[in-house]
Structures are given as C-alpha cells and as structure tokens.
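Q: The following block contains the structure, expressed as structure tokens.
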Amino acid sequence: MEPQPNPPSDVYADVLIDSIPLAQQRPYTYRVPGAMRERVRVGSAVVVPFGPRQRVSGYVVAYPARAPEGPAREIRELLGDTVVPPALQRLFQWVADYYLCTVAQVYQMALPRGTLNGAVKEKTQLVVTLQDGLSSDLSKRQMQVVGVLTGAGGQMTLADLVRAAQTTPGLLRALEAKGAIAIASQRIWRAPELPNAALGTVLEPTAEQAEAIAAIQAGEPGEVFLLHGVTGSGKTEVYLRTIADTLARREQALVLVPEIALTPQTVARFRARFGDRIAVLHSALGEGERFDEWQRLRNGDAQVGIGARSAVFAPLSRLGLVILDEEHEGSYKQDNAPRYHARDVALQRAAFEGARVVLGSATPSVESYHRAERGDYRLLTLSCRVNERALPPVEVVDMRAELEAGHRSIFSRSLTAALHEHLGRGEQAILLINRRGYSSFVMCRSCGEPVRCPNCSVSLTYHKAGEALRCHYCDHHAAPPERCPSCKSPYIKHFGAGTQQVAEAAAALLPEARIIRLDRDTTTRKGSHQRILGAFAAGDADVLIGTQMVAKGLDLQRVSLVGVMAADASLNLPDFRAAERSFQLLTQVAGRAGRGEIPGRVIVQTYAPDHPSVRAAQAHDFAAFYGREIAEREELRYPPFQHLINVVVSAEEAGVVWKVGEALADRLLAFPELMALGPAEAPIFQLRGRYRVQVLIKTPDLAYARNALREAVRQLERPQGLRLAIDVEPHSLL
C-alpha cells in the first residue's frame, strides 16, 4: 500500500541529535505536536526518540520544505524557552564546518550548562506589596502586619515579612483576599561576585590613544584593527572609550579576555565605567549565575558582555564591537571538541553581523601581525607608556656563570640583592616560575630514570604539601619512593624547582617578607584568584610567586621588581611556536614592573642567555623577534604561510594506533594539494592510559584539506575503542 501524505496541518522540524558521531551527523525529521507548535522554534532544544532510545536531546535546526515520506516520530518535550538567535545559528554551523565537529557539540559548548536539559530554571521569590484603600474589617493582628509592611516602604519579600512581623503565610493570604496586599512571584537575578572599583580620574587620551579611538569609531562594519600597544600604554582606555561610543549608537559590545578569573582589575574598570550594563560569562560561574547573565544579554538588559573564550557566543542581537584583549593568548584555543579558536570565531561572527573588531596585544601573534602587514587588518600603534613612564630595563643573568662561580641557589646573586633592595624600600616583587609543585621531577642518580606516571609518558611532579608525586595530566598520585622503581637504588633526588620550592626558598631568604603563591594548586576554590590578587594589590603581601598566571592583567603601582626564575622552561619544547610563546611570556611579565611612579626593574635567569627570543624580550624589541620568526615560518611552511590540521589517533593498544595512523596517512597522500606527515609518536605518547600517534597535515588550501580529511576518515576501518581527535589550526602540537 502506498504511504499516504501527511495532512497539511501537520508541522515538522529537522532536529540534530546530540549523540551522533561526526561521520553520521545529519538532521532527522520529527512531527511537532499541536500543543508545542507555538513554542518550538529554530534554535529550540528538544527531547526526541531516536532508534531504540526514547529520550535523547537535540536541537531544531530547520523546518523542512516538504513533509517526510511515511510516518514521522513526534518531539517528546521542549526544553525550556531557550532559543538560539538566528545569527548564532549561522555561526554554530560555521564553527562545525570549519573545525570538523558536529553542530550539536557547538550547541552543548556555547549555551549555558543545564539550560538545555532543564537542570537550571529561573529563580523566583514571592513579594508582598501594599495596596491602596485598606479594608476597614482588618483585625488588630492584620493591622500590625500592614504596619510592618508600611514601615518597609510598602514592599517586602514574603519570607522577610513573615520573619519581621512574626506572622504566617496563611495570615498574609487572608490579607490578600481582603485586597490589602498583593502577593506576586518576582524573578531573582543571580549575579556573580564582581570586584568593585571607584571610577577615579579619567585622564585625557594621549595623542596615540586619541588617534586609535578615532580610527575605531570611524571604522567600517566588519573592519578589523590590530592595536599593538606596549605594556602600560593604555589599551584598556581605548577599549572603554570605543565601547562607550558603541553604546551611544544603541549597539552592543563584546569583550573577550584570556582568563577572566585572572583579570579582576580589568573587570573592575569596566564595571566602574558601565555599571550594571555589563554581564560576565566564564566557566567559574555557578550554573545559575551563568544562566542569568546569559539571559540578561539575550533580553538586552545588559549591553556589554565580558568573558573568556566561550563568551564569543554571547547572545547579543545588536553587536557593534568585538574586542579581544591579549589576542595572542593560547587560552583562546579550546583543546577538546569543538577545538575552536575564539579569535577566529570572533572574526567570523563580526563579519556575519557587521561589527568592528579590535585585537589588542603588546606581543601580537605572528599570524595577526602578518595579516596587518598584508593589509587585511588596520594596524594601530601605542608605542609609549601612559605619562611617558619608561619600560623597565631587563637584566639577563647567565645561570651557567652562577654555577661556575660556585653559587648554587635558585636565586642568582643579582636577584638576591635586588629583592633585598626593593623590599627594603617597601616595594613589591613578582617572581615567575612556570612550573607548579615543589620539584619538576624525581630521578634516580644511579640509573638516571625519573619516576614516571603509569598512565602517561611524563615524569611525576613532587608536591611537598601532602608529600606526594602527582601527574599534571591525569592526576595520578603516589607517595615518593624510597628506592628507584627501575633499579631499586636508594639514591633518589629531586630536580628542578617549582612554585612551592621557590616560595620556601624565598621565605628563607626574606624572613620578614610576606609571601603568597598563585598557581593551580592555590586556586582550586571559587574566587581564590580574586582573593589572592586582591590581597597583593591591597599591599597585604610583599612577594607574589606564581606560574604564567602572574604575567597577565596585573596593573599594580607598587610592583617595581619582576624576577623570572627559569626562562628556558618553554624554549626547547617540540613545538613550532615555542620561541614565540617564550618571547610573549617574558615580555608580558616584564611589563608588570614599573607601571606606577616607582621605576621598574626585571631580572631574567636563564641557561640560554643568547637565545633570540630572550635577547628580543630584553630589548623590548617586537620587530626584531617578528622579523626572525616570520622568516623561519615561511622557510618551514608553517602558519601563516600554510594551514595545519593535526589528527591524533589514540587507543589502549600501541599496535592499533600505528596501524590506523599509517592507513590514514596513506589515504591522505592520495590528495595532491596537501602534505601528510607521520604517523609519529605524539610528544606525550601515552596519556591517561591511551597510546597516541599524530598525523600532521600541511596545506595552502584549508577547505580542500578538510574535505580530503573527511573522505579519508570515512574510508578508515576503526576498531572499537579507537578515537580520532581532529584539531584544525592547532595552537600547540604537544
């Protein structure tokens, strides 16, 4: 029997299912029940049956042009009223296509957690309001309650009124029945704790700032500006004034910062200037807080969204300006699917919505600066610090010479003297050691083997607190061994200093100093970043010791000394961006010194004093660093001259990953417009119990390479338990 067409009154929706793998991802058509037709929209989250499962979540992505042939299963449930705006739907699809992930993965990542499954609902409270024209038949007790409410201005929450008047909800309901009061539900907006800041004196812009502000204000829709300003040159003031101009045009602004928990001063400055018009989005918020801040932006109650990476998807319907502070930062790249880069997504979103873009940095990424040179971006330069304060002199200490002189302390003689001198004058110091823990590793002096993680191809880090060896990748922990696990020798020694050891050594060197640490181990509690940095800013500590966290966003007037304990930590990593990251980190942390009236000083300790990145950072010379780096990138065909895609194949058996990696590389070699390198062991060959090999694709045509990879993956035989992690435009190859 031929299937009968559905009646015209039926309505259908195409739904993307959350749990479908990329290779099978496509919309499935469902019938919309009559009771839901007024509420289901493109962008709605829904529950549908799929295969043998009766309840899976998905997203409505379209209404099909025609009814499906044959019967269609029904949508079971609408998950709340969250509807993704059309502009974001288009962006979500672009992210999925560009980064080779599913649209469902983008929805899950971009929307507030709990919104789609109904786990987070609006928080409300009952409010009692005094009404005009009191009834004459109120009892004495009822009049007493009315008196309490009158004394509070005529409105109180029901719970507060019950406590204050020592009454009951039943008596209040009786008053409501007599028309004396009204009881209504009122939404409570869960606001995150934000640092307070007084507005302070707003200085007139410098000539360079004024030129940059005017250029951005006159910019065309979709125009991109690269604001290259030395540390302390006033980039934030440029941001604030261009945002004010954007709001005056009745448009909205989006500000991205690398890690919002580490930049409380920046958030405080925005709040001082724009008050409740800002909403903050980042992963450290509670689910309810994030949900409410997202809703305030969607409803237009807030006009400025500030947040970390995922805030690039904030629901702003009148977007006129996008700002990325510290645009070079690696934290803008997500390291799990969808592996997007917030800078590139922001650029595409601005192109879709006609918003101007400002990329700001003292150390722009090589790719961004190259685009500015090429004319794709408009370069704006702030070459001087505000009030003509000098950039701090940088002294490079050769730690090899320290050893030859018999000085074996982790503090060089120069840094030791400087700490006594600066702290003796009541000034503050920052010490950067880009390793957390007490010692980097524990090694046997007999056989030379470090104590390794059983799940990952890395050595364990010794943490003195708790007397434990820990893996910073899988969190495996064990007691320090008394004998070598390999040769049973008792000659075990700790090597390499971490933040804990530097803090302990600093306390011994400076017994009168107040010392605090900022690293992942001291910031596990919510709000701990803000408390630690707030205490240091308030002068409650003299020395701040930390990992790269201390290099970002700090503008402290009494910090006059910065010491870098091990500048070599990232120079020799097997990654083509190692030199760039080292230059950026040294330049950024050096910029924390001398931002107030007190002149600054920087001391960099290194075993590679002649490395070009170290020398360029010492001279505050971005041009020298960039000129050398861009020439090497062009010679080796690395970005920005070619695109990269890194495919990591992982499984619990080493033989399986090599077999699949070789098969993938062979299939890719059939495509002439790309180069496939590998398979090769990933820098960390074993991670969390899984073996990993990688195949690196180089190509001048990214769209061609993505299509080739899709086809190659489709043809692969994939044993059970095998995983493919595809990273388009990887920021790190580690």
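Q: Which of 664, 45, 330 sits closest to the plus end of the dipole of the chain, meaning its Cα is farthest towards the positive end, when Lys and Arg get +1 and Asp and Glu get -1 on the C-beta?
A: It is 45.
Q: Can you give me the distance in nm between label points at residue 475 and residue 336, each placed 7 Å from the Cα along the Cα-to-Cβ direction?
A: 1.1 nm
Q: For residue 395 and residue 39 in one chain, what is 0.36 nm times their gap in residues minus the Cα-Cα distance, to one decimal in nm?
A: Gain on extension, residue 395 to residue 39, equals 121.7 nm.
Q: Taking all protein chains in place and a 1.4 Å probe, what share, in percent, of the accessible surface of the stretch 608-651 do carbon and sulfur account for?
A: 50 percent
Q: Suppose R0 equals 41 Å. What FRET efficiency, 1/(1 + (r/R0)^6) with r the Cβ-Cβ distance, do residue 407 and residue 202 give to the nearest 0.05?
A: 0.25
Q: If you don't mind, there's one more thing I want to ask. Once the Cβ-Cβ distance between residue 684 and residue 214 is put in as r, and R0 is 51 Å, what FRET efficiency do you end up with, to the nearest 0.05?
A: 0.55
Q: OK, next. According to a simple spin-label model (label point 7 Å from Cα along Cα-to-Cβ), what is the distance in nm between residue 535 and residue 489?
A: Taking the simple label geometry, residue 489 and residue 535 are separated by 4.1 nm.
Q: Which distance in Å, rounded to a whole number, links the C-alpha centroids of the stretch 680-734 and the stretch 515-570?
A: First find each Cα centre; the distance between them is then 37 Å.
Q: Hey, another quick one. Using the crude model of +1 on Lys and Arg Cβ and -1 on Asp and Glu Cβ, and no other charge, please compute the dipole size for the chain relative to its Cα centre, in debye to 20.
A: 1740 debye
Q: Which listed residue (278, 432, 348) has the Cα farthest towards the positive end of the charge dipole for the chain, taking +1 on Lys and Arg C-beta and -1 on Asp and Glu C-beta about the Cα centre?
A: Checked the options; the winner is 278.
Q: Could you report the chain's accessible area per residue, 1.4 Å probe, as an integer in Å²?
A: It amounts to 45 Å² per residue over the chain.
Q: On to the next question. Which percent, to the nearest 5, of DSSP beta bridges fully inside the chain are antiparallel?
A: If I count the DSSP bridges inside the chain, around 55 percent turn out antiparallel.
Q: For the pair residue 725 and residue 157, how long in nm is the line joining their label points, each one 7 Å along Cα→Cβ?
A: Between residue 725 and residue 157, the simple spin-label model gives 4.4 nm.
Q: Calculated from the structure, Rg and Dmax of the Cα atoms in Å equals which of (1) 34.3, 110; (2) 37.0, 133; (3) 29.6, 97?
A: Read-out taken from this structure: (3).
Q: Around residue 358, which amide H atoms from residues at least 5 apart in sequence, or from another chain, sit under 5 Å from its own amide H, with H modelled in the peptide plane?
A: Under 5 Å from the amide H of residue 358 lie the amide H atoms of 225, 322, 323, 324, each far enough along the sequence or on another chain.
Q: Picking from 103, 566, 403, whose Cα lies most toward the positive end of the charge dipole for the chain (charges on Cβ: Lys, Arg +1; Asp, Glu -1)?
A: 103
Q: Evaluate E = 1/(1 + (r/R0)^6) for residue 191 and residue 575, where r is the Cβ-Cβ distance and R0 equals 56 Å; express this FRET efficiency to the nearest 0.05.
A: 0.90
Q: Output the lone cysteines of the chain: those with no second cysteine's C-beta under 4.7 Å from their C-beta.
A: Flagged as lacking a Cys partner: 101, 384, 474.
Q: Please get the size of the charge dipole for the stretch 215-306, origin at its Cα centre, with Cβ charges of +1 on Lys and Arg and -1 on Asp and Glu, quoted in debye to the nearest 20.
A: In total the dipole reaches around 240 debye.
The values are calculated or read from the model by the stated rules, or taken from the named source; none is laboratory data. If you're wondering where the values come from, they're calculated on a predicted model, not measured in any experiment. Glycine also receives a Cβ, built like all others from the backbone with ideal geometry; neighbour counts cover every protein chain displayed. Heads up: the accessible areas ignore ligands, DNA and RNA and are worked out on the full protein's heavy atoms, side chains in. Shrake-Rupley method; radii C 1.70, N 1.55, O 1.52, S 1.80 Å.
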